[in-house]
Amino acid sequence: MSWLACALVACVLTGGCAPQGPIERAQQLVRLHREAEAIATLRAHLAKHPDDVPARRLYVRVLAFTGDIEGARREVAELERRLPGDPVPWIELGHAYELAHRFDEALAAYDTAASVAPASPAGPREGGMRAARWGEAEEAVSRLEEATRRGATDAETFHVLGLARLNVRDLDGAEEAYRRGLAADAKSTENHLGLATVAVVRGDAAAALSAYDAIVSQRPSYAAAQLGRAWALAKLGRRSEAERALDRAAELGAPAANVDKQRKAMRSGAL
């Protein structure tokens, strides 16, 4: 029996399988590469329910995905009319431009989102996160700093801010961002890894070991953290422990070439 038949039988037996809403149906159609049907589904729904903001946001993205950037712009204008002073329409326009690979216009849209809602962190956060993804570290730093001034406090924002600051060689600023990220979420592996990276760049083996140990305590099977521990332990002169960390990294599936390179560096005295 196929998986689809099994699913249908399960629905009958359990009484489940509630009818799909228009958003769920459109999302499914997009996953099946039936974008024209998804557009028709959303258009018909919005004709009857023009104030359904989530449906219109999805409509913008599907239009942009199919290359209809002008159609997406028209729907963003409808969102703006329904959400005056809200950053959401401009953020959706930015997403539309991204889907069309018009990145300068996307960043401008995110900046407009920041200006129309000057108390909201959403616009500068979105612009900063996207700029960081595109490798524009300086652009990311300024926007993410503004987002935090406006009240963004999530661990992801601080992690990306730390990474952007690290990329512009602001080590103190990067460390500060990572520590604020850990204050927001003490289990944020990404921010612990950020602190480890800052410590490695500084050559501070003790600080690096502390950060890698924190990662291992949360993710015991994370092979990369064991490689980092081995580096730090070797730098601290704790060779036997470093060897055991390398053995553990190998057991956990770390690339053999990386393990061998680090082991040779340790045994030759280069590390």
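Read-outs: derived from the displayed coordinates by stated rules, not from any lab. Bear in mind that the values here come from a model prediction, so they are computed numbers and not experimental data. Cβ coordinates were reconstructed from backbone atoms using ideal geometry, including for glycine residues, and neighbour counts include every protein chain displayed.
As a rough guide to protection, the peptides 46-56, 167-177 ranked by mean Cβ packing within 10 Å, highest first, stand as 167-177, 46-56. Look at [x] -0.34, -0.78, -1.12; [y] -0.24, -0.57, -1.05; [z] -0.41, -0.83, -1.03: the one that is log10 I(q)/I(0) by the Debye sum over Cα atoms at q = 0.07, 0.11, 0.15 Å⁻¹ derived from this structure is [z]. Based on C-alpha pairs under 8 angstrom that are at least 6 apart in sequence, the range 86-181 has a relative contact order of 20 percent.
Arranged from fewest to most other beta-carbon atoms within 10 Å of their beta carbon, Val30, Val88 become Val30, Val88.
Packing order of peptides 134-142, 71-79, highest average first: 71-79, 134-142 (average count of other Cβ atoms within 10 Å over each peptide's residues).
So which aspartates and glutamates pass the test for Lys264, namely a Cα distance under 19 Å, with those fewer than 8 places away in the same chain ruled out? Answer for Lys264, where 19 Å is the Cα cut-off: Glu241, Glu243, Asp247, Glu251, listed by chain and number. Our estimate of slack between Glu241 and Trp134, defined as 0.36 nm per intervening residue step minus the Cα-Cα distance, is 34.6 nm.
Per-residue extension of 0.36 nm, minus the Cα-Cα distance of Glu176 and Ala256, leaves a gain of 25.4 nm for this segment.
Taking a span of 15 Å or more along the helix axis (Cα atoms) and a mean Kyte-Doolittle hydropathy of at least 1.0 as the rule, the DSSP H helices of the chain that qualify are 3-14. Using 0.36 nm per residue and subtracting the Cα-Cα separation, the extra length available between His101 and Thr189 on full extension is 28.6 nm.
Could you tell me whether the range 185-245 comes out rounded, prolate or oblate from its Cα gyration tensor? Rule is a ≥ b ≥ c as square roots of the eigenvalues, rounded for a/c under 1.5, then prolate if a/b exceeds b/c, otherwise oblate. Oblate, since a/c reaches 1.5 and b/c is not below a/b.
Scattering from the range 32-131 was approximated by placing one identical point on each alpha carbon and applying the Debye formula without solvent; log10 I(q)/I(0) at 0.23, 0.25 1/Å stands at -1.15, -1.27. Computed from point charges on the beta carbon alone (+1 for Lys and Arg, -1 for Asp and Glu), the dipole magnitude for the range 220-271 about its Cα centre is near 200 Debye.
Could you tell me the relative contact order of the chain? Use alpha-carbon pairs under 8 Å, at least six residues apart, and round to a whole percent.
Working: 363 pairs, mean separation 19.6, N = 271.
Averaging sequence separation for qualifying contacts and normalising by length gives 7 percent for the chain.
Highest average first, the peptides 226-236, 57-67 ordered by how many other beta carbon atoms sit within 10 Å of their residues are 226-236, 57-67. If only the Cβ of Lys and Arg carry +1 and only the Cβ of Asp and Glu carry -1, the dipole of the chain around its Cα centre is close to 880 debye. The modelled label-to-label distance for the pair Arg81/Asn167, using points 7 Å beyond Cα in the direction of Cβ, is 3.9 nm. Take every pair of alpha-carbon atoms less than 8 Å apart whose residues are at least six positions apart; their mean separation over the length of the range 220-271 yields a relative contact order of 39 percent.
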